[in-house]
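Notes for the one structure printed next.
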Amino acid sequence: MHLRNATLAAAVTAALGLMPDAVLAQDSGASPIKWYGSIYAKFLDGDRRTEQGLYSNAESTPGEGGGDQGQGIEFELMFNAQVSKQVEIGGRLHSRFNKNYWANYGGFAVPDNDTTNCGEDDPRCNQYVKLRGAWARITPGYEWMDSLMVGNSDWGMFDPWTQGKSRYIDRDNIGGVLLQGSAFDRKLRWDLARVSLAQYQGLTYSTGELGSDNIYANDANWIAQAKYTPGPSWNATLIAMYAQDDEIDANDDSDLDGVTANTRWDNTVIALKGQYSGLEFMDMGASLYWSDYNVDTSLCGAGAWNGNCRFSPVPLRDMDDLSGTLNLNFNRLFIDGLSLSAQLFRVGSDYVSITAARREQDVLLTEGQEGTWMWGRPDYNFGNLQNGNSRAGLGWGGWNGEVQQVVSGMADNDFTDFDEPVAYSVIGWQGVTLVPKFAFGDWEFAAEYSYIDFDTNWQACGGQDKDIDCAPYPRQEGTHAWGLGGDYRAPYAPFQDRLMQIFALRAMYTLDVGPGIDLMARYKYIKDEDDRVTRAGSLTDAYDGYPNAVGSMNPDWIPNVGLGGCVECDDREADFTTIGVSGGMQLTPDLYAKLIYEWNQVELIDGTIDVAPVGLGFEASNDFGFAEYVTGQMDKNRVGLDFSYFLSGVEFGGTIDYLWGQYDPYFYTDDNGRRVRFRPAAGVTAIATPLGNIPVGSVDYNQYRMKIFMKVSF
Amino acid sequence: MNIKTRVSTCALVALLAAGAASAAGVTFKDPTGDDKGPGTYTYPTDGVYTAGSFDLIEFSVSEGDNPDFKVTVNDRLADPWGMGVGFATQMVFIFIDKDAGKGHTKSLPGLNVDFAQDSGWDKVIILSPQPASRVAAEVKAKAADLSADIVIPRRTVGSGKSISAKVKLDDLGGGDPATWGYQVVVQSNEGFPDKSDLLSRKVNEFEGQHRFGGGNDADCDPHVMDILAGKGEGAAGEAQAQYDMLKYECGADGSSVKRATLTTVRK
């Protein structure tokens, strides 16, 4: 046998665990392969009756609209092996849900080349197992280098502003090469990586298409990081990254000297971070990020706010900006048990980091908006089953988990359930957050105050004409990121003058009854105001879009382009209030259950009945649902039951929610340039608005949803 | 400013104005910068394992029938994994030696340490960000023989730099905590532990994204990042005392030749 083949055979044998332990234990440092994994089963039920995937929210893959019905089971087999003292490998074999309902009968069907009937030909339904997260790690023992990793990772060694986490669908889908090393007695540690760009990490969610000469397969982010920790008092980190998307030069018609590649876009980010904890009373940390983004401007033509490239996670023109944070932590403020964290932050409107985290990381101290109002374009007025986008998302309930702030134009919540965190983009946010915490006896208190101004406060994006001056900024789904009725990855509005304040207070107390009852009460109030167009001369420019959207306009509505010069008439004000209480108890040593009640209210004014969403066209029609009429008061109650049950090797958990509420539509109109409450005359049943003829009466709504899971680890 | 804004502001001010007297009890200090186990250990490379987050700097027990056991580390706690209790990466074992010369000399699975004969522990409190019932299930599966002396607080929380939990004195068999000996072992919460580990993170020769480095690939090295040592006063020399206490020897085949042996510290 050839030497190379013999070596490979030995490695494979070792990896498969076939080699006797005694042999493995010799000087090679090898150890038997370890196999471990999990069986994960999920039960979803609800009264939305959607079954386009066994996730509450699955929005972007054709044929997977998310669902609240059905049962399915996943299998994951993980492995790792110390092949030798210098080589370690690992990976996973995993099936995932998609539409693997038990009711599919194991995906059994006659292959028919049809990927729409959830049969044997549809990988979303046929319970296939796929290799995921494979990696090899080499530790050659060199002085200058500690390790080389080749393969898949979540790249968590970097930070969420540069190369962040991007679970989609798996956390370790992104592959690359990582060199790590250290110097100066490990006071300096460095990482150098080439991370392949995922296919969606580009202009218009694409770095090209395989086989179409876009050479997307070699696009990558190069990133280097050096961490210097001379002692326990301070440390500093320097990060530099350069991401580039190339494609073939369309004008190169000869391959005699190879084929020329042009840069479609590139993105540089330089970051400097530091922490100092040498003071007795305070720790501090700071970070500064500078980004530079260049794009081939010919790709999106002349460009316009509502142009072809509007659906893109990155800007359409060159830009650069600074961003950063300053954190001060007072660990004992005057008295025992009282601490205070303060954060000053700025995320520049033109900050671009195409590989920044899109979920599962949080760049700001604030707890942000409430998940229950995130995404969802709730169709409070009609409950129209044909309204596709209103039917997508999670329904009335929104997300129960924490809310995460990311600096990505591709913030994403695909393939999540209602009990998971929800992420949204905070590009343009700037302000301050104060978080005091206080523990006293059996009581724990936490609070927050955040004052948030916006670097995206501008008129016509800082120019004179939105169609020209806003052209660099992607619109995404067309509705600007708001807590209610907005998209979580659309940070740019063409006209904005916004201020948001967040107040939160939480108290926890463990009642010493039986095994103890964990009581919690919370109050949260968010005041979010946006004057939008602030100069009369810009009103026509701002509101010329909707009347031009021929075919989708509400025929009963009479467009009032320019709002008669009323700059107050498009002001948006939202007051979000949440009051929640819960009680949790360890009912048995294995079973913990928590009962939750929450009351949420939004009082919202989204301009007068003459205001159409800026530039919105067909998306505003009630059958499409990228925007809904939401002016009014929305009350929502939630009664929920959370439980977790552990036995050795298995966990059961679940959440059962019942939500009910009421929507009272309010109407406002223009009174000589001032916005005033408009009260429908007796007998009037509906008011014509750009978003449909809105019934004047109150609307009740409710939702039931349930998720129960089982996870067996072995 | 509208009425809701005013009410919210007042609530925050009231919280800040609240006061409390500090409780007496017993406090131990530990030097900073000794979060290296036996002197060679390094942190995992993932960004969540921030500098100082396993560096024990203080341990205190308050007075009363329901004393607060508080462990302070040299970095602000964070919850990157959404554990919901204010911390995520740390896992702390507080071994209590109530009766010198008696108690267990065997430690908990995964730590790979023993206790000296005159420092045997009688009770151990586990401060974990995992749900109490999960910790209990792990104990039942992996340390059933010691479970009677393992105390899992019903609620463990992290705030600022401190992880704390209240434990009823009765659950510890009564007595005066100020007179007891203690050993505080700082480890890391591992949600996917090895079959032999009690929710703790491994130490290998080379650090990885989610494992400590500077040790041995086999289980002959102590899987411990920081402990109390010396007199528990935080003197610089206590770092070396820790390194000496955690000295170990491995055979060529990865077997243990000499296990690290811990002693408890008392006032």
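Bear in mind these aren't lab numbers, they're just calculated from the coordinates by the rules spelled out. Just so it is clear, the model here is predicted, and its values are computed rather than measured. All Cβ positions, glycine included, derive from the backbone under ideal geometry; neighbour counts span all protein chains shown.
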How high is the FRET efficiency between A:Tyr142 and A:Asp253 when r is their beta carbon distance and R₀ equals 60 Å, given to the nearest 0.05?
0.80
Return one number: the angle in degrees, 0 to 90 and rounded to the nearest 10, between the long axis of the Cα atoms of helix B:132-142 and the longest principal axis of the Cα atoms of chain B.
10 degrees
Among B:Gln242, A:Phe311, A:Ala30 - extreme Cα towards positive end, dipole of the protein assembly as shown, charges at beta-carbon
B:Gln242
The extension gain from A:Tyr228 to A:Val581, computed as 0.36 nm times the residue separation minus the Cα-Cα distance, is 122.6 nm
Which net charge results for the neighbourhood of A:Asp664, defined as the other residues with beta-carbon distances under 10 angstrom from its beta-carbon, given Lys and Arg at +1 and Asp and Glu at -1?
-2
Along the positive direction of the dipole of segment A:453-540 (beta-carbon charges: Lys, Arg +1; Asp, Glu -1; about the Cα centre), which of A:Tyr473, A:Tyr492, A:Leu505 reaches farthest?
A:Leu505
Once you wrap a convex hull around the alpha carbon atoms of segment A:330-480, what is its projected area averaged over all directions, in nm²?
12.3 nm²
What's the average, rounded to a whole number, of partner chain beta-carbon atoms within 10 Å of each residue's beta-carbon in A:84-97?
1
Measure off 7 Å from each Cα along the Cα-to-Cβ vector at A:Thr685 and A:Asn113, then give the distance between these two points in nanometres to one decimal.
5.2 nm
Per-residue counts of other Cβ atoms within 10 Å, averaged by peptide: what ranking do you get for A:343-349, B:254-260, A:333-339, highest first?
A:343-349, A:333-339, B:254-260
How high is the FRET efficiency from A:Thr263 to A:Ile656, r the C-beta distance, R0 51 Å, rounded to 0.05?
0.45
Using 0.36 nm times the number of residues separating A:Gln71 and A:Phe678, minus their current alpha carbon distance, what extension gain do you get?
213.7 nm
Take the eigenvalues of the Cα gyration tensor for segment A:136-261, scale each by 5, and report the square roots as semi-axes in whole Å, largest first.
33, 17, 14
Mind putting together the pair-distance distribution for segment B:23-262? All Cα pairs, 5 Å bins, whole percent per bin, short to long.
1, 7, 15, 20, 22, 19, 11, 4, 1, 0, 0
Sequence-distant or interchain residues sharing an amide H contact under 5 Å with B:Asp97, placed H: which?
B:Asp122, B:Gly181, B:Tyr182, B:Gln183
Quick one: which of A:245-254, A:436-445, A:473-482 comes out on top by average Cβ neighbours within 10 Å, and what's the full order, highest first?
A:473-482, A:436-445, A:245-254
To one decimal place, what orientation-averaged projected area in nm² is obtained for the convex hull of the Cα set of chain A?
38.4 nm²
About the Cα centre, charge dipole magnitude for segment A:207-331 (Lys/Arg +1, Asp/Glu -1 at Cβ), debye
920 debye
In the structure displayed, which of A:Lys711/B:Lys166; A:Lys711/B:Lys140; A:Lys524/A:Lys636; B:Lys29/B:Lys168; A:Lys437/B:Lys70 lie more than 22 Å apart, Cα to Cα?
A:Lys711/B:Lys166; B:Lys29/B:Lys168
Net charge dipole size for chain B [Lys, Arg +1 and Asp, Glu -1 on Cβ; Debye, nearest 20]:
940 debye
Can you work out the Karplus-derived ³J(HN,Hα) for every residue in segment A:490-495? Use 6.51 cos²θ - 1.76 cosθ + 1.60 with θ = phi - 60°, whole Hz, and x for glycine or proline.
10, x, 9, 10, x, 10
Dipole axis of chain A (+1 Lys, Arg; -1 Asp, Glu on Cβ), positive-most option in A:Leu148, A:Phe652, A:Val630:
A:Phe652
FRET E, pair A:Trp599, A:Asn218, Förster distance 41 Å, beta-carbon r, rounded to 0.05:
0.15
Percent breakdown of C-alpha pair distances by 5 Å bin, ordered from the shortest bin, for segment B:121-192:
3, 14, 23, 28, 20, 9, 2, 0
With only Lys, Arg, Asp and Glu charged, each at its Cβ (+1 for the first two, -1 for the last two), find how big the charge dipole of the protein assembly as shown is about the Cα centre; round to the nearest 20 debye.
2360 debye
Please report the spacing between the Cα centers of segment A:297-330 and segment A:231-268 in Å, no decimals.
18 Å
Would you mind giving the mean number of other chain beta-carbons within 10 Å of the Cβ of each residue in A:502-514, as a whole number?
2
Shielding by partners, peptide A:226-236 (average Cβ within 10 angstrom, other chains)
3
Output the peptides A:35-41, A:690-696, B:161-167 sorted from most to least packed, where packing is the average of other Cβ atoms within 10 Å over each peptide's residues.
B:161-167, A:690-696, A:35-41
Taking chain B as the reference, fit the longest principal axis to its C-alpha atoms, fit the long axis of helix B:3-17 to the helix C-alpha atoms, and give the angle between the two in degrees, 0 to 90, nearest 10.
50 degrees
How tilted is helix A:3-15 with respect to the longest principal axis of chain A? Cα atoms for both, answer in degrees (0 to 90, nearest 10).
60 degrees
Quote to one decimal, in nm, the extra length available between B:Ala252 and B:Ala148 on full extension: 0.36 nm per residue of separation minus the C-alpha distance between them.
33.8 nm
Could you go through segment A:325-330 in sequence order and give the Karplus-derived ³J(HN,Hα) for each residue, using 6.51 cos²θ - 1.76 cosθ + 1.60 with θ = phi - 60°, rounded to whole Hz, and x for Gly and Pro?
9, 10, 10, 10, 10, 9
With each run of n ≥ 4 DSSP H residues scored as -39500 (n - 2.57), what mean residue ellipticity at 222 nm is computed for chain A after dividing by its residue count and rounding to the nearest 500 deg cm²/dmol?
-1000 deg cm²/dmol
